[in-house]
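Undergrad: One structure, pasted below without further comment.
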Amino acid sequence: MASLDLSISQTKAHSSAAVSLAVACMGLFVPNYVQYQISPLGPQVIELYGISTDQLAQLFSAPMIPAIFLSLFAGVLIDRIGAKRTVSIGLALTAAGCVVRVAATTYSMLFAGMMLTGVSACFLMAGASKILAGFYGPDGVGAKMGVLMSSSMLGTMLATATTAMFPSLRIAFSVGAIVAIAPTVVWIAFRGEPQAETNCSLSSPKLSECLGIVLKSPGVWATGLGLAFVMGANVVISSYTPTVLGMRGFDAESAGIVTSFFMLGNLAGCYIAPALIALIGRQKPIVVVFALLTGIGIAFAWQLPSSAALSLAFFITGMSMMGVVPTLMSAPVQLPEIGPIYAGTAGGFVTMVQVLGAVVIPSYAIVPIADGEIAVIYLLGGACMVLAAVASATIKMK
């Protein structure tokens with residue numbers, strides 16, 4: 001009888017873990033899906049709302065705003081009141097933002113809706129390591145983080161490939177709203193709680209305690225800076241490559257195909273790196289080697305002469321870059337001074353620094369230093385990955 005009860009309990013735990021992971025994946029899929037609907041719909045958005053191309057770019061970047069200003073708040077909230085309630089708030093705000101987009105009649109209203117769509121990703125990334133560690137244990141976080149990260153890329157790819165097929169902007173936005181509401185309802189109705197959260201629920205840490213321990217942790221700072229450098233490098237290769245290939249004589253279609261191999265590599269890296277880590281039982285060597293490999297790819301791959309060579313190099317570069325991200329994102333919960341108790345606050349701080357890196361490093365460091373020299377821009381992007389490797393080497397990982 002005892003063994004039967006144990007079997008039932010284990011089955012319920014596995015089911016709760018699977019449901020939590022699936023809903024979290026949807027929670028990251030939605031913000032990327034609705035964000036990347038804007039690009040194919042750009043001409044319609046400009047015409048309907050009477051806006052400029054600069055305002056269109058602001059709409060596209062609006063979902064990143066919550067990550068800059070709310071990540072640390074979300075992390076503290078997760079440690080204080082728990083992941084289930086905090087993520088419920090984030091998912092509900094994202095769903096509300098998607099509904100606002102459908103009803104928007106002015107640019108300001110549409111901008112507000114777009115900004116709200118990024119809240120669930122902000123809250124989920126802040127609490128991802130704590131949520132996953134609660135269901136899968138600290139050692140299982142890296143592999144599941146890879147699955148989580150891949151869902152955001154699938155959202156980007158699906159939006160880019162299918163949005164132009166919708167007959168109107170309102171229908172496209174309505175589909176986004178429906179897709180956003182589904183995970184919100186499932187998460188709120190879901191009864192499972194991460195084990196780590198249940199264990200810590202009786203001793204909710206104070207705000208000053210959360211911030212004090214996290215901000216004093218060298219490992220948290222190294223993780224945040226490492227991811228900031230990765231994001232800065234990612235902006236370089238993602239933003240400049242289509243234009244640079246055009247300058248080299250590639251037509252728009254060929255440049256798009258070559259560039260898409262970087263995204264396919266990103267998707268593959270989410271699974272390849274965790275698999276290699278599981279195979280050798282070490283995290284740090286994989287992260288450092290992948291970061292250095294990415295640096296070489298960013299610095300020099302764009303100069304290769306043929307489409308085939310470029311495609312292969314971009315695939316490897318994308319794979320190695322995204323192989324770094326899930327492991328670094330899972331690092332805070334493995335730090336001895338952080339653990340599951342302060343993993344939310346640590347994750348929020350890391351997410352905030354990561355997004356700031358994507359904004360600050362390219363715009364205020366790489367571009368001014370390069371002074372318009374394309375080769376220098378790519379070399380500095382590669383240097384960012386070298387710095388990410390150095391930061392990763394200082395983190396207490398296996």
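Undergrad: Go through the stretch 13-55 and give me each residue that's under 19 Å from ILE181 (Cα atoms) and aromatic (Phe, Trp, Tyr).
TA: Selection gives PHE29, TYR33, TYR36.
Undergrad: Among the residues of the stretch 353-375, is there at least one that is aromatic (Phe, Trp, Tyr), surrounded by 23 or more Cβ atoms within 10 Å (Cβ to Cβ) and either modelled with pLDDT of 90 or more or not assigned by TED's automatic domain parsing to the domain that holds THR243 (or both)?
TA: no
Undergrad: Continuing with this model, one more query. Looking only at the stretch 47-71, filter to residues that are of a type in the set (Gly, Ala, Ser) and crowded, with 18+ Cβ neighbours inside 10 Å; which one of those is nearest to the chain's Cα centre (by Cα)?
TA: Filtering the stretch 47-71 for residues that are of a type in the set (Gly, Ala, Ser) and crowded, with 18+ Cβ neighbours inside 10 Å, the one nearest to the chain's Cα centre (by Cα) comes out as ALA67.
Undergrad: If ARG191 satisfies every condition in (1) modelled with pLDDT under 85; (2) in a helix (DSSP H, G or I) but one, which is the exception?
TA: Only one criterion is unmet by ARG191, namely (2).
Undergrad: Can you pull out the residues in the stretch 135-177 that are among the aliphatic types (A, V, I, L, M) and farther than 24 Å from LEU116 by Cβ?
TA: VAL141, ALA143, MET145, VAL147, ALA161, ALA164, MET165
Undergrad: If you take the residues in the stretch 151-167 that are in contact (Cβ under 8 Å) with a residue 40 or more places away in the chain and small (Gly, Ala, Ser), which one is farthest from ALA268 (Cα to Cα)?
TA: Looking at residues that are in contact (Cβ under 8 Å) with a residue 40 or more places away in the chain and small (Gly, Ala, Ser), I get ALA164.
Undergrad: Which one of GLY381, GLY323, GLY297, GLY318 is modelled with pLDDT of 90 or more and touching a Cys at 6+ places or on another chain (Cβ under 9 Å)? Lay out the reasoning, then the answer.
TA: Details: GLY381 fails: touching a Cys at 6+ places or on another chain (Cβ under 9 Å); GLY297 fails: touching a Cys at 6+ places or on another chain (Cβ under 9 Å); GLY318 fails: touching a Cys at 6+ places or on another chain (Cβ under 9 Å).
That would be GLY323, the only listed residue that is modelled with pLDDT of 90 or more and touching a Cys at 6+ places or on another chain (Cβ under 9 Å).
Undergrad: Can I ask one more? Mind counting the residues in the stretch 34-46 that are more than 17 Å from GLY113 (Cβ to Cβ) and crowded, with 21+ Cβ neighbours inside 10 Å?
TA: Final tally of qualifying residues: 0.
Undergrad: Check whether at least one residue in the stretch 297-310 is under 20 Å from GLN354 (Cβ atoms) and surrounded by fewer than 20 Cβ atoms within 10 Å (Cβ to Cβ), and report yes or no.
TA: Within the stretch 297-310, none of the residues are under 20 Å from GLN354 (Cβ atoms) and surrounded by fewer than 20 Cβ atoms within 10 Å (Cβ to Cβ).
Undergrad: Among the residues of the stretch 87-110, is there at least one that is over 26 Å from ASN266 (Cβ atoms), at pLDDT below 90 and surrounded by fewer than 19 Cβ atoms within 10 Å (Cβ to Cβ)?
TA: No, the stretch 87-110 contains no residue that is over 26 Å from ASN266 (Cβ atoms), at pLDDT below 90 and surrounded by fewer than 19 Cβ atoms within 10 Å (Cβ to Cβ).
Undergrad: On to the next question. Say we look at the stretch 328-352 and pick out the residues that are among the polar types (S, T, N, Q) and under 17 Å from PHE135 (Cα atoms); which of these is surrounded by the fewest Cβ atoms within 10 Å (Cβ to Cβ)?
TA: Here the answer is GLN334.
Undergrad: Any idea how many residues of the stretch 115-174 are surrounded by fewer than 24 Cβ atoms within 10 Å (Cβ to Cβ) and among the basic types (Lys, Arg)?
TA: Summing the residues that are surrounded by fewer than 24 Cβ atoms within 10 Å (Cβ to Cβ) and among the basic types (Lys, Arg) in the stretch 115-174 gives 1.
Undergrad: Can you tell me which residues in the stretch 315-365 are among the polar types (S, T, N, Q) and either within 14 Å of GLY127 (Cα to Cα) or not in a helix (DSSP H, G or I) (or both)?
TA: SER330, GLN334, THR345, THR351
Undergrad: Of the numbered conditions (1) more than 23 Å from the chain's Cα centre (by Cα); (2) free of Cβ contacts under 8 Å to residues at least 40 places away in the same chain, LEU310 satisfies every one except a single condition; which is it?
TA: Exception for LEU310: condition (2).
Undergrad: Please pick out the residue among GLY212, GLY226 that is modelled with pLDDT of 85 or more, surrounded by fewer than 20 Cβ atoms within 10 Å (Cβ to Cβ), within 30 Å of VAL288 (Cα to Cα) and of a type outside the set (Ser, Thr, Tyr).
TA: That would be GLY212, the only listed residue that is modelled with pLDDT of 85 or more, surrounded by fewer than 20 Cβ atoms within 10 Å (Cβ to Cβ), within 30 Å of VAL288 (Cα to Cα) and of a type outside the set (Ser, Thr, Tyr).
Undergrad: Could I ask something else about it? If you check VAL258, VAL244, VAL288, which single one turns out to be surrounded by 15 or more Cβ atoms within 10 Å (Cβ to Cβ), aliphatic (A, V, I, L, M) and more than 24 Å from ALA308 (Cα to Cα)?
TA: None of the others qualify; the one that does is VAL288.
The values are calculated or read from the model by the stated rules, or taken from the named source; none is laboratory data. Since the model is a prediction, treat every value here as computed from it, not as a measurement. No Cβ is skipped: glycine too gets one built from the backbone with ideal geometry, and neighbour counts run over all protein chains shown.
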